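One structure below.
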Amino acid sequence: MSQGQGQDQNRGQKQDQVRDQVRDQGQRRTVGRAGTAGGPDPRRWWGLVVIAVAQLMVVLDATIVNIALPSAQRELHMSDANRQWVITAYTLAFGGLLLLGGRIADLVGRKRAFIIGLVGFAIASALGGAASGQGLLFGARALQGAFAAVLAPSALSLLTTTFTDGKERSKAFGIYGAIAGGGSAIGLIAGGLLTEYLDWRWCLYVNVPIAVVAIAGAWVFLHDRRGHGEARLDVPGVVLGCGGLVAIVYGCSEAQPRGWGDAMVIGLLVGGVVLLAVFGWWQGRARHPLLPLHIVRDRNRAGAFLTMALAVIAMFGMFLFMTYYLQVVLGYSPVKTGLAFLPITAAIIVGSTQISARLLHHLPPRVLMVPGAVFAAAGLFWLTTLTAEPAYVSHVLPSELLVGLGMGLIFMPVMSTATAGVAPQDSGVTSATVNTAQQVGGSIGTALLNTIATSTSATYIGTHLATAAREAGGRLTPAMREGVVKDGVVHGFTVAIGWGAGIMLLAGVVAGVLVNGKAPKHGGGAGVGVGAGAE
């Protein structure tokens, strides 16, 4: 491509963006004031319920199977090496195909993609619940992830295009942020209840009736807006972008059993980074890019994506370690473990719906994000003083409340900021990028912090067993050995959570430095300040 042709293409893209923004602003003003000829359509709030139910199903399915995994492993005779694929198959397909799923929503329409995602997710869940062998279960989980990659971005883009008035948008995103942040904890609770009182298969079957209700609700209450059909599928972008994401997510998953120094892990991570670098280069030259670069070049939006990824890295570490701490160290049952996460879910809901949703319309987004990161980091730091002694009330509970409140302050403004001011034909892929940041952050966080925890525990246990053996004259009792092992496991958890606290503070720094948009009232309703002073 010559320099003149490149300048013409860039000039044409800018003109298209300006035209889309002008048209979209006019549509927002019209819909925001009237909604319909007789006033705002009250059914849009029922539409929010449908979107929330579908999003909750997608988010909690990443964790609902965790507690059921030991039962499934025994029944289907899975090896310890293969059992991780129940989790990995889902996260790999979900995280790797999100950008494609977002563009599909832009191509065929958000409502249509939403319903397709629900139908496919229900079928995949039924297949997984009826699995007679591990291969079918792995395949069903991968199919769940693939349809979730279509469902999640279409849900968020429907929310973005449905609620355009500033105050209503804040309320809607408050509810959505609570689900995004608390869905993992709800999954642990639901998984414990279903596994203990019914059967592990119901952790998958439960999605079928939920999806049926959501499909019926979507058919009645959801309405798509113009904007789809103008996008085109960028096939090289799909191969490069999805291939890079799959490689990174798979590399992080394999880092847990193999270690970060393993040749396969290094090859996957390096290969993924190279593919994404080529993907970025191609997106600047493609006629119809999978991810238009103006979406990630916006300072506020890029800051929101990065803040989301860092916050999720830290938060997923807490869920992982607290599940093991409560079940293995303290001996909680699956149900009791799930119920022990209720406070963090409640705190996220309060932070998102009662604080962020009320204040975002009046405050710049970073004024919520930065304190939220500080609160969450303080909660994580509190856990670094854990010991093997029971400490739920004194340590775990206050930490959950602080982390939940902080994540509620982060998630809602991050999602609102990341999706604001986007042309309708790009709303799906923008929503997919938010979900990608969340999903890849979760994969990296689980692998990175788990590696830190296990290596630290191994060093601690080896050193202290040797010391205890010398002091006992070489005669270690089983009780002494068990005590050292428990102390070592908890020590590994606290060190890894300390790293998580540092990562959470980094998320606050990123939000404070990059996200400089104004409050929505300064941006005309739906703008949420994106672009205000961003360039």
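Do we find that F279 is in the same structural domain as L402 (by TED's automatic domain parsing) and aromatic (F, W, Y) in this structure? Against the criterion (in the same structural domain as L402 (by TED's automatic domain parsing) and aromatic (F, W, Y)), F279 does not qualify. Within segment 309-322, one or more residues are more than 20 Å from L188 (Cβ to Cβ), assigned to a helix (DSSP H, G or I) and under 16 Å from the mean Cα position of the chain (by Cα). Does at least one position in segment 397-415 carry a residue that is among the hydroxyl-bearing types (S, T, Y), in the same structural domain as G177 (by TED's automatic domain parsing) and surrounded by fewer than 24 Cβ atoms within 10 Å (Cβ to Cβ)? So far as segment 397-415 goes, no, none of its residues is among the hydroxyl-bearing types (S, T, Y), in the same structural domain as G177 (by TED's automatic domain parsing) and surrounded by fewer than 24 Cβ atoms within 10 Å (Cβ to Cβ). Does A458 count as at pLDDT 80 or above, part of a helix (DSSP H, G or I) and within 25 Å of A437 (Cα to Cα)? Answer is no for this residue.
Within segment 369-379, is there a residue that is free of Cβ contacts under 8 Å to residues at least 12 places away in the same chain and part of a helix (DSSP H, G or I)? Within segment 369-379, not a single residue is free of Cβ contacts under 8 Å to residues at least 12 places away in the same chain and part of a helix (DSSP H, G or I). Of the residues making up segment 323-341, just one is surrounded by fewer than 24 Cβ atoms within 10 Å (Cβ to Cβ) and within 19 Å of the chain's Cα centre (by Cα), namely T323.
The residues of segment 445-477 that are loosely packed, with under 15 Cβ neighbours inside 10 Å and either farther than 22 Å from V329 by Cβ or of a type in the set (K, R) (or both), listed by number, are A466, R470, E471, A472, G473, G474, R475. Put simply, of V490, V510, V485 the only residue that is among the β-branched types (V, I, T) and at pLDDT 90 or above is V510. Do we find that L306 is over 16 Å from Q438 (Cα atoms), touching a residue at least 12 places away in the same chain (Cβ under 8 Å) and not acidic (D, E) in this structure? In short, no. Within segment 287-299, is even one residue in contact with a Pro (Cβ under 9 Å, 6 or more places away or on another chain) and part of a helix (DSSP H, G or I)? Taking every residue of segment 287-299 in turn, none turns out to be in contact with a Pro (Cβ under 9 Å, 6 or more places away or on another chain) and part of a helix (DSSP H, G or I). The lone criterion from (1) surrounded by 15 or more Cβ atoms within 10 Å (Cβ to Cβ); (2) farther than 28 Å from H491 by Cα; (3) touching a residue at least 60 places away in the same chain (Cβ under 8 Å); (4) of a type outside the set (S, T, N, Q) left unmet by L320 is number (2).
The values are calculated or read from the model by the stated rules, or taken from the named source; none is laboratory data. None of these values were measured; they are calculated from a predicted model. Virtual Cβ from ideal backbone geometry, glycine too; neighbours counted across all protein chains shown.
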